[in-house]
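The values are calculated or read from the model by the stated rules, or taken from the named source; none is laboratory data. Please read all numbers here as calculations on a predicted model, not as lab measurements. No Cβ is skipped: glycine too gets one built from the backbone with ideal geometry, and neighbour counts run over all protein chains shown. Accessible surface areas use protein heavy atoms only, side chains included; no ligands, DNA or RNA. Shrake-Rupley method; radii C 1.70, N 1.55, O 1.52, S 1.80 Å.
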Amino acid sequence: MTVSLRWYQQNAVDAVLNTDLKNPVLGLPTGSGKSHTAAAIIRNMLDSGKINRAVIATHTGVLVDQNHQDYVTHWKKGEGVGVVSASVSSKKDWAADVVFGSVGTLMRNPGKLGPRDVLLIDECHRVSSDPKSGYATLINALRYHRPEMPVIGMTATYWRLGEGLLWEVDNPIFDGIAYDLCTGPDFTRLVDEG
């Protein structure tokens, strides 16, 4: 079964695939289908040969499961796809080409993931500027194998209270916004369309 993307989801996919940013953020409002957008980004990168192995991380098992299920809905009944999250499954498929996982589980044994070509973080506003945080631990471990590995972030709130924009904080992971559906004319269009 293949799911068609909405115009703004396709715009977000195109923006990531064509940006000059190394570690872009996508600003997508709550309910806009970030998990479908993430699935399309990873699938497009795999199909184009830009990547061979990916990790999609978030902070809760519920979102891990949702992201995984939406990916499987889009492509290949989940071939080459694994879940690494203590709250979702006791079986952890660290070696799958595409791994969906919770940062809490992934950061404990990141070496089991081996080399990865991209990390996509859902709800990336939760990425702390603390270099000892769970996400920093995961990113540093993955970049041990691939120092230039891009990190793609998705969030409805790319502003951290007391710190500023995610790409302007101390020790930023991200370097700018590739697509913003949270403000501007695309947001207005989204509201107008209901």
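From the set of residues in the range 79-102 that are touching a Ser or Thr at 6+ places or on another chain (Cβ under 7 Å) and among the β-branched types (Val, Ile, Thr), which is most open to solvent (accessible area, probe 1.4 Å)?
So the residue we want is 83.
Give the residue that is farthest from residue 74 (Cα to Cα), with candidates limited to residues of the range 30-49 that are out of contact with any helix residue (DSSP H, G or I) (no Cβ under 8 Å at 6 or more places or on another chain) and not in a helix (DSSP H, G or I).
Applying the filter and picking the extreme gives 30.
Show the residue pairs that are 6+ apart or on different chains and have beta-carbon atoms under 9 Å apart, the first residue being within the range 78-106 and in contact (Cβ under 8 Å) with a residue 24 or more places away in the chain and assigned to a strand (DSSP E or B), the second being open to solvent by 20 Å² or more (accessible area, probe 1.4 Å) and among the small types (Gly, Ala, Ser).
Within 9 Å, the pairs are 98/80; 102/86; 102/87.
Within the set of pairs 6 or more residues apart or between chains, which connect a residue that is assigned to a strand (DSSP E or B) inside the range 110-135 to a residue that is aromatic (Phe, Trp, Tyr) with Cβ atoms less than 8 Å apart?
121/135
Report the residue count in the range 11-27 for those that are open to solvent by less than 70 Å² (accessible area, probe 1.4 Å), in a helix (DSSP H, G or I) and not β-branched (Val, Ile, Thr).
Summing the residues that are open to solvent by less than 70 Å² (accessible area, probe 1.4 Å), in a helix (DSSP H, G or I) and not β-branched (Val, Ile, Thr) in the range 11-27 gives 5.
Looking only at the range 110-143, which residues are touching a Pro at 6+ places or on another chain (Cβ under 6 Å) and open to solvent by less than 20 Å² (accessible area, probe 1.4 Å)?
Looking only at the range 110-143, we keep the residues that are touching a Pro at 6+ places or on another chain (Cβ under 6 Å), and these are 118, 138, 141.
Selection gives 118, 138.
Quickly run through the range 28-77 and pick out the residues that are open to solvent by 20 Å² or more (accessible area, probe 1.4 Å) and among the β-branched types (Val, Ile, Thr).
30, 60, 62, 72, 73
Identify, by number, the condition in (1) closer than 15 Å to residue 57 by Cα; (2) open to solvent by 20 Å² or more (accessible area, probe 1.4 Å); (3) of a type in the set (A, V, I, L, M); (4) not in a loop (DSSP other than H, G, I, E, B) that residue 173 doesn't meet.
(4)
Among the residues of the range 179-190, is any open to solvent by 20 Å² or more (accessible area, probe 1.4 Å) and in a loop (DSSP other than H, G, I, E, B)? It would help to see each step written out before you state the result.
Step one: of the range 179-190, the residues open to solvent by 20 Å² or more (accessible area, probe 1.4 Å) are 179-180, 182-190.
From what is left, the residues that are in a loop (DSSP other than H, G, I, E, B) are 182-183.
Yes: the range 179-190 contains one or more residues that are open to solvent by 20 Å² or more (accessible area, probe 1.4 Å) and in a loop (DSSP other than H, G, I, E, B).
Taking the condition of being closer than 11 Å to residue 115 by Cα and not β-branched (Val, Ile, Thr), how many residues in the range 49-64 meet it?
Residues meeting the conditions: 3.
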